[in-house]
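Here's the structure, in structure tokens; my notes come after.
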Amino acid sequence: MAMTEADYLEQMRQLLPPGPAWDREFYGAEVDQVLQGMVPEFARIDARGDALLAELFPPTMKELLPDWEAVMGLPDECLPDDPSFGQRKAAVLRRHLAQGAQDLPYFVGLAQGLGYPDATAVEWRAPRFGRSRFGKARFGTWAAQFIWTIKLGQRHAGGRRFGVALWGERFGANPSEAVECVIKRWAPPFTVVFFEYE
């Protein structure tokens, strides 16, 4: 906790050397006025040092948000532009605390975090002796072991369509592209991901 101006003034009074030259009763208030002129700067520097400690951890940061974003690789090119300060801070905190994985529950969690609460995942099966059955869906070649599908439920409303888009807007863009971009970025590079909407 930073020291106040009163704390610094008392500390500097106690650090004065002994003797009549520094005695307030003998010399008057001149020495004390010099000390009172210095203590605001000492208290300001101490407060800034205390504030710097708060900037070292994302939940308490206020001033170093752009630096944290640069370290965390934000803003995310997959997500919409122009977020608020709170949204930017939350994104830094999520990225700071995130633990990645390469399994389907991790990617389902990503989809749920991006606004698809009913998201599920289906992993395609490769034909293997003892596991393959006639009539099973998604039975395919050996390459099928690298294919999986994310079922997202209802597509987000909105987007740009013929007759609705304005001049200069990207035609065909939709709000659901963010989840597809994020999952494709973090998916293992040898896999193929399909997205299904209701």
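Residues are listed down the side, and each one gets a yes or a no for (1) in contact with a Lys or Arg (Cβ under 9 Å, 6 or more places away or on another chain); (2) outside the structural domain of VAL179 (by TED's automatic domain parsing); (3) not in a helix (DSSP H, G or I):
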position: PRO40; (1), (2), (3): no, yes, no
position: ALA47; (1), (2), (3): no, yes, no
position: ASP50; (1), (2), (3): no, yes, no
position: ASP67; (1), (2), (3): no, yes, no
position: ALA70; (1), (2), (3): no, yes, no
position: LEU74; (1), (2), (3): yes, yes, yes
position: ASP81; (1), (2), (3): no, yes, yes
position: PHE107; (1), (2), (3): no, no, no
position: LEU110; (1), (2), (3): no, no, no
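Answer with yes or no whether GLN102 is surrounded by fewer than 12 Cβ atoms within 10 Å (Cβ to Cβ) and either part of a loop (DSSP other than H, G, I, E, B) or modelled with pLDDT of 85 or more (or both).
On the way: surrounded by fewer than 12 Cβ atoms within 10 Å (Cβ to Cβ): yes; either part of a loop (DSSP other than H, G, I, E, B) or modelled with pLDDT of 85 or more (or both): yes.
Considered against the rule, which asks whether it is surrounded by fewer than 12 Cβ atoms within 10 Å (Cβ to Cβ) and either part of a loop (DSSP other than H, G, I, E, B) or modelled with pLDDT of 85 or more (or both), GLN102 comes out as yes.
Mind listing just one residue for me: the one in the stretch 37-58 that is modelled with pLDDT of 90 or more and in contact with a Leu (Cβ under 6 Å, 6 or more places away or on another chain) and, of those, nearest to MET12 (Cα to Cα)?
VAL39
Working only within the stretch 24-59, note down all residues that are within 40 Å of the chain's Cα centre (by Cα) and among the small types (Gly, Ala, Ser).
Correct list: ALA43, ALA47, GLY49, ALA51, ALA54.
Could you list, in sequence order, the residues of the stretch 4-36 that are in a loop (DSSP other than H, G, I, E, B) and modelled with pLDDT of 90 or more?
At the first step, the residues of the stretch 4-36 found to be in a loop (DSSP other than H, G, I, E, B) are 4, 16-19, 23, 28-29.
Hit for the stretch 4-36 is THR4, nothing else.
Can VAL31 be described as in contact with a helix residue (DSSP H, G or I) (Cβ under 9 Å, 6 or more places away or on another chain), of a type in the set (Val, Ile, Thr) and farther than 30 Å from LEU114 by Cα? Full working, then the answer.
Working: in contact with a helix residue (DSSP H, G or I) (Cβ under 9 Å, 6 or more places away or on another chain): yes; of a type in the set (Val, Ile, Thr): yes; farther than 30 Å from LEU114 by Cα: yes.
Considered against the rule, which asks whether it is in contact with a helix residue (DSSP H, G or I) (Cβ under 9 Å, 6 or more places away or on another chain), of a type in the set (Val, Ile, Thr) and farther than 30 Å from LEU114 by Cα, VAL31 comes out as yes.
Would you pick out the residues in the stretch 66-98 that are crowded, with 16+ Cβ neighbours inside 10 Å and among the aromatic types (Phe, Trp, Tyr)?
TRP68
Mind checking which residues of the stretch 112-124 are part of a loop (DSSP other than H, G, I, E, B) and either assigned by TED's automatic domain parsing to the domain that holds CYS78 or in contact with a Gly (Cβ under 9 Å, 6 or more places away or on another chain) (or both)?
Of the stretch 112-124, the ones part of a loop (DSSP other than H, G, I, E, B) are 114-119, 124.
TYR116, PRO117, ASP118, ALA119, TRP124, listed by residue number.
The values are calculated or read from the model by the stated rules, or taken from the named source; none is laboratory data. On a predicted model such as this, the values are computed, not experimentally measured, just so you know. Reconstructed Cβ throughout: ideal geometry from the backbone, glycine too, with neighbour counts over all protein chains shown.
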